[in-house]
Amino acid sequence: MKILSITIGIILIALSIYGRYWRGKRKFNRANFFGEGFKSYNDFLKKTTYENFIHFLGVFAFIVGALLILIALLLG
């Protein structure tokens with residue numbers, strides 16, 4: 001059980017790091033000389049809401065992963 005908890009914790013932390021990278025890359029690719037490029041206000045709302053939701057899931061996954069590893073090591 002200890003190995004499984006640590007493995008799941010590492011996977012969740014890795015997914016959260018990748019989500020953070022993915023969000024930053026999307027934001028970088030949208031940027032241009034005049035600022036961020038959106039086709040319309042609705043496009044802005046959809047994309048930023050989606051990216052903020054992914055960010056929230058990433059933070060949640062990081063916390064859960066860290067807690068799984070910590071509990072597995074402490075209760076070992």
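The phi torsions of region 43-60, fed into the Karplus equation with coefficients 6.51, -1.76 and 1.60 and a -60° offset, translate into couplings of 4, 4, 4, 5, 5, 5, 5, 4, 5, 5, 5, 4, 4, 4, 4, x, 5, 4 Hz, rounded to whole numbers, with Gly and Pro shown as x.
Annotation: amide H-H contacts under 5 Å for E36 (H modelled 1.01 Å from N, sequence separation of 5 or more, or interchain): none. Against the chain, whose longest principal axis comes from its Cα atoms, helix 2-30 is set at around 10 degrees.
For the chain, how many pairs of lysine residues have a Cα-Cα distance under 29 Å, where the two are 8 or more positions apart or belong to different chains?
7
The calculated 222 nm mean residue ellipticity attributable to helices in the chain amounts to -30500 deg cm²/dmol, summing -39500 (n - 2.57) over DSSP H runs of n ≥ 4 and dividing by all residues.
I want to make sure I understand the PRE zone here: with the label point 7 angstrom from the Cα of R26 toward its beta carbon, which residues in region 48-73 have backbone N atoms less than 19 Å away? Answer for this model: 48-62.
On full extension, the segment bounded by K47 and T7 gains 11.2 nm, given 0.36 nm per residue less the C-alpha separation. With R₀ fixed at 30 Å, the C-beta to C-beta distance from I63 to F33 puts the FRET efficiency at about 0.20.
Only the coordinates and a few stated rules stand behind these numbers; no lab work does. Source: prediction; values computed, not measured. Because the Cβ atoms are built from the backbone with ideal geometry, glycine has one as well, and the counts that use them run over all protein chains shown.
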